[in-house]
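Notes follow once the structure below has been shown.
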Amino acid sequence: MANPNPLMVQSSGSDPADAAVQSALRTLDAEGSGIAAIAAALQSDLRVPFTAAADLIRNANGRLIVTGLGKSGHIGRKVAATFASTGTPAFFVHAAEASHGDLGMITPDDAILALSWSGEQPEMKNLITYAKRFRIPVIAMTAERESSLAKAAGIALTLPKAREACPHNLAPTTSSLMMLALGDALAIALLEGRGFTSVDFSVLHPGGKLGALLKYTRDLMHTGDAVPLKPLGTSMSEALVEMTSKGFGCVGIVDARGHIVGIVTDGDLRRHMGPQLMSASVDEVMTRNPKTIDRDVLAGEALEILNSSKITTLIVTEASKPIGIVHLHDFLRAGVA
């Protein structure tokens with residue numbers, strides 16, 4: 001007998017979207033457990049070798065050579081890039097390619113960070129032999145404390161065992177994330193240990209939006225005659241001409257010493273709109289003690305000040321004297337915002 005209501009058959013089935021979300025949640029839960037396990041290990045068995053690894057890398061005369069194969073190799077490339085971008089000279093050498101000439105990239109002054117979950121890849125044998133021959137220190141990152149790699153290394157960062165997010169416990173998922181997380185933790189520990197600043201960071205990241213964020217206010221500001229300025233006592237009619245001609249929607253007000261003491265903005269005009277506005281002086285209309293910024297502040301920080309203060313313009317000062325002006329549009333053009 002035919003089903004009189006075929007919709008009932010559809011509604012009784014599982015929702016594909018819900019199934020996908022539930023799968024994603026299981027994956028995130030598994031991977032989150034792996035990260036939690038590392039955090040716990042760092043407070044116990046992993047504490048001493050992690051500190052030793054950081055000290056070894058910090059004191060190396062050469063570079064950090066990161067190596068690995070398969071998924072560990074992909075993670076290794078990213079970890080090497082993170083080290084390099086945070087002040088630790090590093091690059092990736094593929095463990096298999098090392099046996100075909102790339103060993104020449106590694107010098108006795110370097111240190112090696114070898115990533116392998118099992119610690120038993122035969123392709124790493126020649127690289128480890130080379131390291132022993134030239135007394136190059138090796139740090140192993142592996143889950144197997146008794147593996148060949150861990151035993152050959154001077155320092156073994158032994159990752160806690162964790163189940164892969166893959167339902168068959170086969171595809172490297174949780175394990176890959178754990179290696180990435182520990183690599184990042186090591187890179188940031190070195191960054192903080194050497195006092196690596198945002199200024200240092202900007203030197204290594206001149207391109208893209210990140211590079212734009214790391215420009216300085218001085219790189220974006222307008223200077224000289226482009227800065228709208230008028231002294232105390234100026235009539236609003238004259239100040240309005242200055243605002244209009246310079247195109248920033250404001251005019252800075254300076255005292256007899258040339259110090260910035262106020263600013264007249266479009267908002268001030270609206271608040272004081274009336275028949276007497278044009279004959280009033282700027283002293284009566286201006287906002288006193290306006291927000292200003294130093295020329296050596298990073299563009300990203302300057303943009304945050306604009307956003308948090310809900311303003312579009314900042315006067316750039318040096319010893320309380322205006323030397324420039326930056327507008328939100330300048331950050332947009334530079335790719336910061």
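The values are calculated or read from the model by the stated rules, or taken from the named source; none is laboratory data. The model shown is predicted, which means the values in this text are computed figures rather than measured ones. Cβ: placed from backbone, ideal geometry, glycine included. Neighbour counts: every protein chain shown. We work out accessible area using only protein heavy atoms, side chains counted, and drop any ligands, DNA or RNA first. Shrake-Rupley method; radii C 1.70, N 1.55, O 1.52, S 1.80 Å.
Just flag the trypsin sites (Lys or Arg not before Pro) in the stretch 265-326 sitting in loop per DSSP whose Cβ has no more than 14 other Cβ atoms within 10 Å.
Working: sites: Arg270, Arg271, Arg288, Lys291, Arg295, Lys310; in loops: Lys291, Arg295, Lys310.
Listed in order of number, the matching sites are Lys291, Lys310.
So, R0 is 35 Å and r is the distance between the beta-carbons of Ala40 and Asp15; what FRET efficiency does that work out to, to 0.05? It would help to have the intermediate numbers written out before the result.
On the way: r = 36 Å, r/R0 = 1.04.
Here the calculated transfer efficiency is 0.45.
Considering only DSSP beta bridges whose two residues both sit in the chain, what percent are antiparallel, to the nearest 5? It would help to have the intermediate numbers written out before the result.
On the way: 16 of 40 bridges.
Percentage antiparallel, nearest 5: 40.
How far apart, in nm, are the 7 Å Cα→Cβ label points at Leu332 and Ile188?
Once both label points are built, they end up 3.4 nm from each other.
Calculate for the chain the 222 nm mean residue ellipticity that helices alone would give, adding -39,500 (n - 2.57) per DSSP H run of length 4 or more and normalising by residue count, nearest 500 deg cm²/dmol. Show your work: numbers first, answer last.
Details: 16 runs with 157 residues, N = 337.
My calculation for the chain gives -13500 deg cm²/dmol from helical runs alone.
Which of the trypsin sites (Lys or Arg not before Pro) found in the stretch 109-173 are loop residues per DSSP with 16 or fewer other Cβ atoms within 10 Å of their Cβ?
Arg135, Arg145, Lys161, Arg163
With every protein chain present, what is the per residue accessible area of the chain (1.4 Å probe, Å²)?
Values: 17640 Å² over 337 residues.
That works out to 52 Å² for each residue.
If I compute Cα Rg over 2.2 N^0.38 Å from the structure I just sent, which labelled value in [x] 1.17; [y] 1.50; [z] 0.95 lines up?
The listed entry that was calculated here is [y].
Could you pull out every residue, at least 5 positions away or on a different chain, whose amide H is within less than 5 Å of the one on Ile323? Hs are placed 1.01 Å off N in the peptide plane, and Pro or chain starts have none.
Counting only residues 5 or more places away or on other chains, the set is Val316, Thr317, Glu318.
How big, in percent, is the set of alpha carbon pairs in the stretch 92-178 lying more than 17 Å apart?
Working: 1831 of 3741 pairs.
Above the 17 Å cut-off, the stretch 92-178 has 49 percent of its Cα pairs.
Going toward the positive end of the dipole of the chain, with +1 on Lys and Arg Cβ and -1 on Asp and Glu Cβ, which of Gly300, Ala152, Val66 do you reach last?
Ranked along the dipole, the leading option is Ala152.
Express in nm, to one decimal, how much length is gained between Ser320 and Phe91 on full extension, taking 0.36 nm for each residue of separation and deducting their alpha carbon distance. Don't skip to the end; give the middle numbers.
Details: separation 229, 0.36 × 229 = 82.44 nm, distance 4.58 nm.
Extending this stretch completely gives an extra 77.9 nm.
Residues with beta-carbon under 14 Å from that of Val285, excluding Val285: net charge, scoring Lys, Arg +1 and Asp, Glu -1?
Values: positive: Lys230, Arg270, Arg271, Arg288; negative: Glu238, Glu242, Asp266, Asp268, Asp283, Glu284.
Combined, the nearby Lys, Arg, Asp and Glu give -2.
For the chain, please report how many Lys pairs fall under 15 Å Cα to Cα, leaving out neighbours fewer than 8 apart on the same chain. Mind showing how you got there, number by number?
Working: Lys125/Lys151; Lys132/Lys151; Lys230/Lys246; Lys230/Lys321; Lys291/Lys310; Lys291/Lys321.
Going through the chain pair by pair, I get 6.
Indicate the helices, whole DSSP H runs only, in the chain that combine a mean Kyte-Doolittle hydropathy of 1.0 or more with a Cα extent along their long axis of 27 angstrom or more. Display every interim value, and only then the final one.
Details: long enough: 16-42 (39 Å, 0.72); 174-193 (28 Å, 1.41).
Answer set is 174-193.
Roughly speaking, what is the centre-to-centre gap between the stretch 18-35 and the stretch 243-299 when only Cα atoms are used, to the nearest Å?
55 Å
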